[in-house]
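What follows is a set of notes on a single structure, which appears directly below.
The values are calculated or read from the model by the stated rules, or taken from the named source; none is laboratory data. Bear in mind that the values here come from a model prediction, so they are computed numbers and not experimental data. Heads up, the Cβs are rebuilt from the backbone with ideal geometry, glycines too, and the neighbour counts pull from every protein chain shown. Calculation scope for accessible area: heavy atoms of the full protein, side chains included, ligands and nucleic acids excluded. Shrake-Rupley method; radii C 1.70, N 1.55, O 1.52, S 1.80 Å.
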Amino acid sequence: MSVVERARRVLPGGNTRTTVFVPPHPPYAVHGEGAIVTDHTGHQVIDCNNNYTALIHGHAHPEILQAATEAARSGTAFGLPTTSEVALAEHLRDRTRIEQWRFCNSGTEAVLMLLRAARAYTGRDLIVRFEGSYHGTGDAVVSPDAPGVVPGSVLVLPQNDLDALTTAMRDHGRQIAAVLIDLMPNRAGLTPADPGYVTALQDLTRQYGALLAIDEVITFRLHEGGLHQEYGIKPDLVSMGKVIGGGFPVGAIGGSADVLSPFVPQAPGAVSWGGTFSANPVTMAAGLAALRLYGPLQITELNRRGDQLRSWLRDAGVEVHGSGSLLRLMTSDPTELWWNLYHRGVLCGTNGLLAMSTAMTSVHLEQVAEAVTAVAREAQSILS
Ligand code: PMP
């Protein structure tokens, strides 16, 4: 029996994550090393997906593996806090200047925790978010019409539309706990938010006493302290995930000691938040190792490579969005694009997302450019 047949018997549709499904069925990864992934048929691809942007250093980076292995040897999980969560929180504080942190196991969970924190701190219910942005799979951040979802107290606005925002704040400002924004939303086309709009958003949240919450789960990799620092704003809360776990399951929220005070267990009316594997010591150690290898020099270099690839592709007539090390190929047929690239040796996201890793050499970059250009020439769907 093939792996696909076996998989379909025990997993709905044959796998666990809708986000990695490509029809008729995706290949199964069996090995990753540096920038190369091998699937169950032996086919090898240059990894430009990098587990949806999380693997900033590609696969099996020796220093990250060493940090994770050493941590695992000392114990993979405890019913006590560990010093490793202190170390990662200090590192995040130093690079973001955001005072306090709490860890969890995914970006989805981070967003849930962020919304809980905002509601607990403000005593308000309403959350504002933006059309087309993805913030994981919690009820508050997916379509209220989707099957199985219980709609919450959420207002969805078009991003970059200042009139819509001003009206919503005027009408509901004093009921809004937080406005949640991704400054370069992948699903909505990976176009950076307009700086004037973001400044106005900060002013309006301050004016109405709502919290400004930035979802940095994808965008943190673009700047040492997260993309919001390029906008010169000061979020009240941030959610993070992906790169900060060094390839292991992770999520986090950051904020001032004041805003996160509802999580202090002795506080009156404290928010209780657990998680058997939250702040797992293996994740914390791997995350710290990965971030230490990703300072300003490496960030600038990786962003430069992304810019280089984007400019080659644009010169070849390909419509490509994004900024720095994150690119998005715009296509009317993402499945066709995905398979055509895969057969030519490039693994992208199922919506055409490409994320650079420090494991990619300039030869890989040229090979990716050649593959995308060839695919674009064949399938008119991604030519601008
Ligand atoms: N927020 C954003 C901006 C994301 O891109 C994602 C996942 N791609 C999430 C939250 C959810 O993260 P996770 O998949 O780790 O649950």
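Out of Asp39, Asp47, one residue alone is in contact with a strand residue (DSSP E or B) (Cβ under 9 Å, 6 or more places away or on another chain) and more than 28 Å from Gly225 (Cβ to Cβ). It is Asp39. Scanning the stretch 32-42 for residues that are in the same structural domain as Ile244 (by TED's automatic domain parsing), open to solvent by 20 Å² or more (accessible area, probe 1.4 Å) and among the β-branched types (Val, Ile, Thr) turns up nothing.
Reported count of residues in the stretch 352-384, each being polar (S, T, N, Q), modelled with pLDDT of 95 or more and open to solvent by 10 Å² or more (accessible area, probe 1.4 Å), is 5. Residue-level check: of (1) open to solvent by 40 Å² or more (accessible area, probe 1.4 Å); (2) within 16 Å of the ligand (Cβ to nearest atom); (3) not β-branched (Val, Ile, Thr), Gln100 misses just (2). Taken over the stretch 53-76, residues that are under 14 Å from Gly32 (Cβ atoms) and either open to solvent by 30 Å² or more (accessible area, probe 1.4 Å) or free of Cβ contacts under 8 Å to residues at least 24 places away in the same chain (or both) amount to 5. Report whether or not Gly275 is at pLDDT 95 or above, more than 18 Å from the chain's Cα centre (by Cα) and on the phi > 0 side of the Ramachandran plot. So Gly275 fits the description; yes. Of the residues making up the stretch 14-72, those that are hydrophobic (A, V, I, L, M, F, W, C) and more than 21 Å from Gly245 (Cβ to Cβ) are Phe21, Val22, Val30, Ile36, Val45, Ile46.
Annotation note: of Ile244, Ile214, the sole residue that is within 16 Å of the ligand (Cβ to nearest atom), touching a residue at least 40 places away in the same chain (Cβ under 8 Å) and not assigned by TED's automatic domain parsing to the domain that holds Gly322 is Ile244.
A search for C-beta distances below 7 Å between a residue of the stretch 1-30 that is of a type in the set (Lys, Arg) and any residue that is surrounded by 12 or more Cβ atoms within 10 Å (Cβ to Cβ), counting only pairs 6+ apart in sequence or on different chains, returns Arg8/Gly14. Has the stretch 43-52 got at least one residue that is closer than 24 Å to Ala213 by Cβ and of a type outside the set (S, T, N, Q)? Scanning the stretch 43-52, I find at least one residue that is closer than 24 Å to Ala213 by Cβ and of a type outside the set (S, T, N, Q), so the answer is yes. For the stretch 309-341, a residue qualifies if it is of a type outside the set (A, V, I, L, M, F, W, C) and closer than 30 Å to Asp94 by Cβ, and the qualifying residues are Gly322, Ser323, Gly324, Ser325. The residue that is surrounded by the most Cβ atoms within 10 Å (Cβ to Cβ), counting only those in the stretch 284-333 that are free of Cβ contacts under 8 Å to residues at least 60 places away in the same chain and closer than 20 Å to Gly226 by Cα, is Gly306. Of the candidates Ala178, Ala146, Ala118, the single residue that is surrounded by fewer than 15 Cβ atoms within 10 Å (Cβ to Cβ), within 16 Å of the ligand (Cβ to nearest atom) and among the aliphatic types (A, V, I, L, M) is Ala146. The single condition from (1) away from the ligand (no atom under 14 Å from the Cβ); (2) open to solvent by 70 Å² or more (accessible area, probe 1.4 Å); (3) at pLDDT 95 or above that Leu157 fails is (2).
Among the strands (runs of 3 or more DSSP E) confined wholly to the stretch 41-138, which include 2 or more residues that are under 30 Å from Arg344 (Cα atoms)? Break it down stepwise before answering.
Numbers: elements: 44-47, 100-104, 126-130.
Passing ranges, in order: 44-47.
Scanning the stretch 219-241 for residues that are over 13 Å from Arg95 (Cβ atoms), within 12 Å of the ligand (Cβ to nearest atom) and out of contact with any Leu (no Cβ under 6 Å at 6 or more places or on another chain) returns a single hit, Gly241.
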